[in-house]
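The values are calculated or read from the model by the stated rules, or taken from the named source; none is laboratory data. What you see is a predicted model, and the numbers here were worked out from it, not measured in a lab. Neighbour counts run over all protein chains shown; Cβ positions are idealised from the backbone, glycine included.
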Amino acid sequence: MKRNIKIVIRNLYKIFGSDPQKALAYIHAGMSKSELLEKHNHVLGLENINIEMREGEVTVIMGLSGSGKSTLIRHLNRLIEPTAGKIDVDGEDVLSFDEEQLRKLRREVMSMVFQNFALLPHRSVAENAGTLLEVRGAKSEECFTEAKKWLDRVGLQGFAAHYPHQLSGGMQQRVGIARALTSNSPIMLMDEAFSALDPLIRSDMQDLLLELQKELHKTIVFITHDLDEAMRLADHLIILKDGYVVQQGEPQHILLNPNDPYVEDFISDINRLRVLRVRSIMTPIKGEVPTDTHGEVDYNDTLESMIAHSGGDTSYSYVVTNDGKAVGTLEMTDLVRALVPRASSGKGAQSRAV
Amino acid sequence: MTTYDFVFNALGLRDWCDAAKIEKNPMSMAELLAKNTGHDKLETQWWEVPFPSMDTLNKTCANFPQSRDLTAAVEQSFLAVKDLLRLVLDPLTQPLSWLLESTLIMFDVTPWWIVITVLMAIVYYASKSLKLVSLVLICISFLAAIDHYNHAIQTLAIIFVCAFLCVLFGIPIGIAMSRNDILQRISIPILDMLQTLPPFVYLIPLIFLFSVTEPKLYGIAIILYAIVPVIRLTDLGIRLVDRDIIEAADSFGMTESQKLFGVQIPLALPNIMAGVNQTIMMSLAMVVIASLVSAPGLGVLVLRGIRNLELGVGLVSGLGIVLLAIILDRVTKAALSRVNVSQKR
């Protein structure tokens with residue numbers, strides 16, 4: 001079920017400094033990032049980024065601080081201008097937009113959610129949520145009813161008349177999300193939207209986002225430095241390091257097949273039981289459905305639930321079903337093997353997971 | 001022969017210097033004294049070498065200007081442009097005179113009980129605090145009880161007009177400064193000068209430009225002196241608005257004016273209000289000094305106290321000014337803190 005490609009980024013470069021074009025020529029001539037900084041005092045922010053983002057998917061861009069992820073997301077609505085490259089949204093070249101088109105894009109196509117919420121402190125929660133409609137010139141009653149609707153939807157019933165400073169961090173970010181939703185734009189850019197929240201609230205917010213996404217099918221670009229969060233939300237995961245893409249793909253696939261020591265380091269700490277799904281480690285069925293199994297399990301079950309299911313017995317095997325149809329078999333021994341990072345990225349598991 | 005002869009000799013200017021000997025400037029008192037006591041024949045010792053000031057150089061070279069020529073030149077050049085300046089500034093500032101005159105008359109003819117009621121209403125509207133209203137009532141009643149009501153209300157009228165004009169011009173200037181770095185770099189030295197220039201110095205050129213009986217004379221002096229804080233704090237306030245919020249505003253596709261009026265000014269309001277508070281306090285300070293150039297109000301009484309050594313009159317009117325200052329400061333601060341509460345983050 002491949003969806004339409006919504007956003008395409010091609011050969012994107014961003015260099016910070018007094019003469020980026022000259023620095024770009026050096027980079028094309030093969031100069032390294034550190035050499036560029038040392039000799040010419042230019043910082044290579046993003047290096048040859050090529051990304052496709054599909055409609056209705058959550059694309060997560062993950063990287064540590066300084067990896068350029070926030071810079072990258074700001075290129076999509078041109079809060080930062082690229083040094084070179086191409087950005088297409090719905091097949092239109094965003095970089096060729098004039099001021100008027102760009103304003104239209106920001107108002108109607110993309111809405112952004114910020115790490116530190118960026119609510120206007122002098123306006124009530126409902127006014128904040130309706131900001132984007134108001135900017136477009138909608139009537140104030142319309143802004144209010146729309147804002148109210150989405151505030152209710154994100155769980156802020158009865159807070160419309162409050163002011164941001166009266167709300168907790170988690171609630172403020174709900175307002176931020178409601179603001180982005182009220183604009184009814186197909187694309188949502190979320191810049192470390194949950195990073196400033198404490199862990200419990202953060203997982204609540206992730207639930208909220210997944211729940212909304214199930215219903216609304218927005219194209220979401222989500223920035224995070226937290227791998228657990230990335231694994232949980234991502235349909236498509238992009239790992240960024242020092243301004244270039246280390247690896248991108250389906251998150252389960254990356255987890256089982258890290259192609260770089262950096263990615264390996266990253267994923268070594270993750271709780272695989274919760275993140276990995278049955279579908280990623282099962283053996284696809286060729287021909288007959290085996291009958292000597294211990295039952296059926298769902299395609300999207302986590303490994304944790306599988307262990308609970310089997311009572312910890314590693315000799316069991318199961319038939320994996322998707323929408324009631326048998327699609328594969330799962331040996332509990334494979335499951336246990338998949339839990340060890342090095343072993344799972346070894347030959348055996350790799351061939352099955354691809 | 002004097003100490004710096006060699007300078008002019010070396011430069012080959014001796015002839016030019018001596019050319020003026022014939023029409024030598026009148027002798028100064030010091031020269032005359034020195035001649036009479038016969039000291040001018042004495043050799044100057046090396047530790048007595050004078051600083052090569054204009055007057056010293058004039059001694060060795062009669063054609064070199066003296067420092068009194070400098071002040072004379074400044075005066076002459078001011079007088080030369082005075083008429084032209086007046087031609088431009090006079091009609092331009094005439095509305096200020098009318099505004100001040102009519103406001104003074106308005107406050108004068110309105111019965112005291114209406115003026116006080118309106119003032120109470122304004123104070124309540126600005127501060128939403130009955131405590132403050134009663135403080136203002138007590139202060140004004142006290143001033144009225146000691147027969148200082150008219151002077152106090154004249155002072156207030158002048159402050160209202162001047163502070164209003166300061167805000168009217170200062171805020172747009174501050175906004176322009178915050179949006180343009182070059183303009184800011186040009187304006188800051190001017191603002192520094194306006195702020196550090198002693199208040200009396202404002203009056204000197206103004207007296208030459210306008211007639212002393214015209215209200216705009218002191219109006220301009222007060223506005224120039226008091227406008228600085230509101231400009232500075234508007235500029236600062238807008239520049240201090242959280243960058244993240246500005247970025248968010250950009251990401252929503254706000255136009256420049258939506259951003260300015262919907263985000264920047266509201267968020268800068270606490271700073272702007274602090275500037276307005278300062279402006280009002282500085283107008284009060286200047287309005288007292290402006291009584292030297294016929295500004296009515298409590299300042300006149302202070303001036304009388306100084307001129308006629310009427311100690312009591314001076315002290316009591318001084319107390320009146322303190323009371324006015326307290327009222328104005330408390331009311332604007334209360335308004336400021338109301339703005340602050342709604343902006344807490």
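Residues that are touching a Phe, Trp or Tyr at 6+ places or on another chain (Cβ under 9 Å) and either more than 25 Å from A:E108 (Cβ to Cβ) or hydrophobic (A, V, I, L, M, F, W, C) (or both) within the range B:246-279 comprise just one, B:A248. Scan the range A:9-30 residue by residue and report those that are surrounded by 17 or more Cβ atoms within 10 Å (Cβ to Cβ) and among the aliphatic types (A, V, I, L, M). Residues satisfying the conditions are A:I9, A:L12, A:I15, A:A23, A:L24, A:I27.
Where helices (runs of 4 or more DSSP H) fall wholly inside the range A:25-122, the ranges with 2 or more residues that are within 14 Å of chain B (Cβ to nearest Cβ) are A:69-76, A:99-104. Could you check the range A:126-142 and list, in sequence order, the residues that are surrounded by 19 or more Cβ atoms within 10 Å (Cβ to Cβ) and within 13 Å of chain B (Cβ to nearest Cβ)? Once the filter is applied, which keeps residues that are surrounded by 19 or more Cβ atoms within 10 Å (Cβ to Cβ) and within 13 Å of chain B (Cβ to nearest Cβ), the range A:126-142 yields A:E127, A:N128, A:A129, A:G130, A:T131, A:L132, A:L133, A:E134, A:V135. Filter the range A:289-317 for residues that are outside any loop (DSSP other than H, G, I, E, B) and of a type in the set (D, E); which is surrounded by the fewest Cβ atoms within 10 Å (Cβ to Cβ)? By that ranking, first place goes to A:E296. Residue by residue through the range B:206-225, note down the ones that are of a type outside the set (A, V, I, L, M, F, W, C) and either closer than 24 Å to B:T279 by Cβ or within 14 Å of chain A (Cβ to nearest Cβ) (or both). The answer is B:E214, B:P215, B:K216, B:Y218, B:G219, B:Y225. Candidates A:Q173, A:Q166, A:Q213, A:Q157: the one that is polar (S, T, N, Q) and within 24 Å of A:L64 (Cα to Cα) is A:Q173.
In the range A:225-271, how many residues are part of a helix (DSSP H, G or I), free of Cβ contacts under 8 Å to residues at least 24 places away in the same chain and either closer than 27 Å to A:H75 by Cα or touching a His at 6+ places or on another chain (Cβ under 8 Å) (or both)?
Residues in the range A:225-271 being part of a helix (DSSP H, G or I), free of Cβ contacts under 8 Å to residues at least 24 places away in the same chain and either closer than 27 Å to A:H75 by Cα or touching a His at 6+ places or on another chain (Cβ under 8 Å) (or both): 2 in total.
For the range A:143-162, state whether one or more residues are within 11 Å of chain B (Cβ to nearest Cβ) and in a helix (DSSP H, G or I). There is no residue in the range A:143-162 that is within 11 Å of chain B (Cβ to nearest Cβ) and in a helix (DSSP H, G or I).
Table: residues versus (1) under 23 Å from B:V167 (Cα atoms); (2) of a type in the set (A, V, I, L, M, F, W, C).
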position: B:L284; (1), (2): yes, yes
position: B:S291; (1), (2): yes, no
position: B:A295; (1), (2): yes, yes
position: B:G305; (1), (2): no, no
position: B:L311; (1), (2): no, yes
position: B:L315; (1), (2): no, yes
position: B:I321; (1), (2): yes, yes
position: B:A325; (1), (2): yes, yes
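Those helices (runs of 4 or more DSSP H) of the range B:226-337 in which at least 3 residues are within 14 Å of chain A (Cβ to nearest Cβ), considering only elements entirely within it, cover B:243-251, B:256-259, B:265-289. Screening the candidates A:R174, A:R179 for the property of being part of a helix (DSSP H, G or I) and more than 14 Å from chain B (Cβ to nearest Cβ) yields one hit, A:R174. Of the residues A:M231, A:M205, the single one that is closer than 30 Å to A:R337 by Cα, surrounded by 17 or more Cβ atoms within 10 Å (Cβ to Cβ) and away from chain B (no Cβ under 14 Å) is A:M231.
Here A:P121 meets each of (1) surrounded by 18 or more Cβ atoms within 10 Å (Cβ to Cβ); (2) over 30 Å from A:I267 (Cα atoms); (3) touching a His at 6+ places or on another chain (Cβ under 7 Å) with one exception, condition (1).
Condition (residue is surrounded by fewer than 18 Cβ atoms within 10 Å (Cβ to Cβ), of a type in the set (D, E, K, R) and assigned to a helix (DSSP H, G or I)) applied to the range B:187-208: is it met by at least one residue? Yes, the range B:187-208 contains at least one residue that is surrounded by fewer than 18 Cβ atoms within 10 Å (Cβ to Cβ), of a type in the set (D, E, K, R) and assigned to a helix (DSSP H, G or I). Taken over the range B:19-53, the criterion of being at pLDDT 75 or above and either surrounded by 13 or more Cβ atoms within 10 Å (Cβ to Cβ) or touching a strand residue (DSSP E or B) at 6+ places or on another chain (Cβ under 9 Å) (or both) is satisfied by B:P50 alone. Somewhere in the range A:192-201, is a residue touching a residue at least 24 places away in the same chain (Cβ under 8 Å), within 13 Å of chain B (Cβ to nearest Cβ) and either loosely packed, with under 15 Cβ neighbours inside 10 Å or out of contact with any Gly (no Cβ under 8 Å at 6 or more places or on another chain) (or both)? Yes, there is a match, as at least one residue in the range A:192-201 is touching a residue at least 24 places away in the same chain (Cβ under 8 Å), within 13 Å of chain B (Cβ to nearest Cβ) and either loosely packed, with under 15 Cβ neighbours inside 10 Å or out of contact with any Gly (no Cβ under 8 Å at 6 or more places or on another chain) (or both).
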